[in-house]
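Bear in mind these aren't lab numbers, they're just calculated from the coordinates by the rules spelled out. Source: prediction; values computed, not measured. Glycine gets a Cβ as well: all are built from the backbone with ideal geometry, and neighbour counts include every protein chain shown.
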Amino acid sequence: MNIVNQNSPELAHVAHLIKDIPVAMLTHVQADGTLASRPMSPIEMDAQGAIWFFVDVHAEQAEHLRVLNLSFSDSGQGTYVSLSGTGEIDIGVGRARIQHLWTPLARPWFPDGPDSESLALLKFVPESADYWDAPNSRMARAFGVIASVISGTPIAIG
């Protein structure tokens, strides 16, 4: 996954934890309220902390993107990251962005390459993060901090 320089120390730490983990589990709430998960390969984490994936635009349903969880696991390093947030299919970014992010590793799912008609980008926007970093024997939470950084609004302290 390509990691762009992050706009905050909190996002930079999350980026450091997940940068070498090639697959994440993306979990959404189905119409009947049950959870469904599937493995996804992140392509990029942008400067605002959004994580981008290639998806089939015909397979994604907007109602499944309202509440998402993205989990990264590296048992060898003792690193576990759980990001909660929302997603959106970003068709409007155009083919130039898809070309820029394209990797031959996506070809089995999109045989026509970056010109596949069904190819779109999923933008996952994290709102909170939980991570366990075993070498440091700690668990940390960054609930409002990430949402505040991304939205540009102050954290409500109460």
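Can you work out ³J(HN,Hα) from phi for every residue in the stretch 111-121, in order, using Karplus 6.51 cos²θ - 1.76 cosθ + 1.60 and θ = phi - 60°, giving whole Hz and x for Gly and Pro?
x, 7, x, x, 8, 4, 5, 8, 6, 9, 10
Peptides 38-49, 98-109: what's the order by average Cβ count within 10 Å, highest mean first?
Ranking, from highest mean packing down: 38-49, 98-109.
Note down the net charge around G49, summing +1 for each Lys or Arg and -1 for each Asp or Glu among other residues with Cβ under 12 Å from its Cβ.
The answer is -3.
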